[in-house]
Amino acid sequence: MAELTRAEVYTPRSMQVWRALLNWLAFFFQIFAQIIRAVGQYPLLSSSSTTETKTTTSSSTHRFKPLPAVDSVEIECPSTVEIAAVLDSPVPIDEDRTEKLTVVLDLDETLVCAYETSSLPPALRSQATDAGLKWFELECVSSDKEFEGKPKISYVTVFERPGLQEFLNQLSEFAELVLFTAGLEGYARPLVDRIDAENRFSHRLYRPSTICTGSLHFIAYVMLMILFGNTSAPEIHEGENLDVLKLFLDEFREHVKDLSCLSKNLCRTVIVDNNPFSFLLQPLNGIPCVPFSAGQPHDTQLLDVLLPLLKHLSLQKDVRPFLYDRFHMPEWFQKQGIPSSSWSA
């Protein structure tokens with residue numbers, strides 16, 4: 001009788017635990033499945049020379065990119081006149097404020113673009129160098145591949161976004177700079193050493209500091225297939241399992257940048273990134289910038305668009321209301337099927 005009573009007590013609790021676990025897995029699946037399927041438009045900063053940007057899959061195949069390629073989308077950008085009108089509006093200034101604005105900067109396709117030297121098309125190199133883009137070549141130590149017991153050396157050609165050095169110089173006068181990249185340290189560290197010889201970045205964060213969503217996504221994917229049947233997931237046949245699972249993880253893994261690792265109070269923190277999913281956890285702190293490539297030698301984003309905006313934000317007591325009014329990122333994430341409960345304050 002005691003055993004029966006004990007079973008009656010613990011069985012419902014066990015069921016509650018399992019239900020809670022499955023609810024969490026379903027929640028994560030909802031978020032990241034929508035990320036995968038996300039296409040369409042998101043608000044970007046633009047300059048007069050960059051009113052429409054197309055990311056082509058052909059160029060991404062040659063790109064040395066720590067992050068997975070984003071699907072090709074056509075982006076409509078607001079004009080610089082609209083941006084200037086916003087920045088000319090009255091600015092609330094807090095005379096007692098002493099805390100500097102913290103600006104978190106992405107690396108690839110935001111400050112620079114990098115290509116494996118062996119796969120860089122000669123025509124693209126010539127176009128970039130003839131137009132005057134600053135560039136350099138780099139040796140990067142790969143932690144993933146080894147040859148005869150020694151780390152493999154990758155040779156990378158890096159192009160600086162026009163105005164990069166002046167942008168960092170002026171920005172460092174009124175803001176604390178943090179480099180936050182999803183790139184591996186063996187690649188990113190020597191690159192940042194080259195573009196920031198003056199040590200303007202107070203902190204550097206690499207891929208281990210990001211939150212990898214791939215494993216949670218995969219678990220939710222498998223669990224939902226088991227629970228609800230293979231209704232929306234691709235069919236996996238016997239003998240193909242390993243290849244399909246590897247493709248699934250490699251293609252859809254994302255690295256989210258959690259700003260709470262820098263500060264618990266994010267009212268004076270902003271992140272600039274060409275990939276909006278990088279700031280999924282804090283959408284009110286994000287500025288989604290236009291991606292940079294070597295095919296855009298006359299890009300003027302850094303000095304003409306981003307720098308004035310960041311100067312304006314440096315005068316705000318809390319950057320989030322202004323960024324919300326400017327970009328409406330929470331609504332954009334909701335359109336991708338990502339619920340607001342997944343965001344941090």
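Looking at the stretch 179-192 only, could you name the residues that are in a helix (DSSP H, G or I), within 15 Å of Pro208 (Cβ to Cβ) and of a type outside the set (Asp, Glu)?
Of the residues in the stretch 179-192, the ones in a helix (DSSP H, G or I) are 185-192.
From what is left, the residues that are within 15 Å of Pro208 (Cβ to Cβ) are 185-189.
Once the filter is applied, which keeps residues that are in a helix (DSSP H, G or I), within 15 Å of Pro208 (Cβ to Cβ) and of a type outside the set (Asp, Glu), the stretch 179-192 yields Gly186, Tyr187, Ala188, Arg189.
Could you list, in sequence order, all residues of the stretch 315-335 that are touching a helix residue (DSSP H, G or I) at 6+ places or on another chain (Cβ under 6 Å) and either exposed (fewer than 15 other Cβ atoms within 10 Å of the Cβ) or assigned to a loop (DSSP other than H, G, I, E, B) (or both)?
Result: Gln316, Pro330.
Answer yes or no as to whether Glu176 is modelled with pLDDT of 95 or more and either farther than 12 Å from Leu105 by Cα or in a loop (DSSP other than H, G, I, E, B) (or both). Lay out the reasoning, then the answer.
Values: modelled with pLDDT of 95 or more: yes; either farther than 12 Å from Leu105 by Cα or in a loop (DSSP other than H, G, I, E, B) (or both): no.
In short, no.
I'd like the full set of residues that are without any contact (Cβ under 8 Å) to a residue 40 or more places away in the chain and crowded, with 24+ Cβ neighbours inside 10 Å, limited to the stretch 280-296.
The answer is none; no residue qualifies.
Of everything in the stretch 248-272, what is at pLDDT 90 or above, surrounded by fewer than 16 Cβ atoms within 10 Å (Cβ to Cβ) and outside any loop (DSSP other than H, G, I, E, B)? Give them in sequence order.
Residues satisfying the conditions are Ser260, Cys261.
Run down Leu307, Leu245 and say which single residue is under 30 Å from Tyr115 (Cβ atoms), more than 19 Å from the chain's Cα centre (by Cα) and at pLDDT 90 or above.
Selected residue: Leu307, the only one of Leu307, Leu245 that is under 30 Å from Tyr115 (Cβ atoms), more than 19 Å from the chain's Cα centre (by Cα) and at pLDDT 90 or above.
Between a first residue in the stretch 153-172 that is touching a residue at least 24 places away in the same chain (Cβ under 8 Å) and under 18 Å from Gln127 (Cα atoms) and a second residue that is of a type outside the set (A, V, I, L, M, F, W, C) and in a helix (DSSP H, G or I), which pairs have beta carbons less than 6 Å apart while being 6 or more apart in sequence or on different chains?
Thr157/Thr117
Residues being in a helix (DSSP H, G or I) and within 17 Å of the chain's Cα centre (by Cα): count how many of those fall in the stretch 193-215.
Residues of the stretch 193-215 that are in a helix (DSSP H, G or I), as a first pass: 193-195, 207-209, 214-215.
Applying the additional criterion that residues be within 17 Å of the chain's Cα centre (by Cα) yields 207-209, 214.
Qualifying residue count, the stretch 193-215: 4.
The values are calculated or read from the model by the stated rules, or taken from the named source; none is laboratory data. These numbers come from a predicted model, not from an experiment. Quick reminder, even Gly has a Cβ in these numbers, built from the backbone with ideal geometry, and neighbours come from all protein chains shown.
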